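Where a number appears in this text, it was derived from the coordinates with a stated rule and is not lab data. Note that this is a predicted model, so its numbers are computed, not measured. Cβ placement follows ideal geometry from the backbone for every residue including glycine, while neighbour counts extend to all protein chains displayed.
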Amino acid sequence: MDEQDDLNVYTPEHLLAQAQLAPKHLGYSILQFYVDEHGLLSKAPTGVLRTFYLSPSGGTLRDEEMNIVVYSAKFDIYKGYGKA
């Protein structure tokens, strides 16, 4: 699989694509991305996947401990930015 096709490689486009198909739990979309040796989102495959939670209202991506990792209005699907 090409890096550009691997939805577990972090890009804003991959986040939105995963969110379309992701299971939901308590209002969060459950996503998975590769992380580097520091546990940060990776833009290349690392072999280590971690779970992240996207709040579709507010556009906030959180890690497994609910720390804010990324915020972007374009991930807020209720504001219309993240809608296809």
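Within the stretch 40-57, the set of residues being hydrophobic (A, V, I, L, M, F, W, C) and surrounded by 11 or more Cβ atoms within 10 Å (Cβ to Cβ) comprises 40, 41, 48, 49, 52, 54.
Of the candidates 60, 11, the single residue that is surrounded by fewer than 17 Cβ atoms within 10 Å (Cβ to Cβ) and within 17 Å of residue 75 (Cβ to Cβ) is 11.
For the stretch 14-39, filtered to residues that are hydrophobic (A, V, I, L, M, F, W, C) and in contact (Cβ under 8 Å) with a residue 12 or more places away in the chain, the residue that is surrounded by the most Cβ atoms within 10 Å (Cβ to Cβ) is 33.
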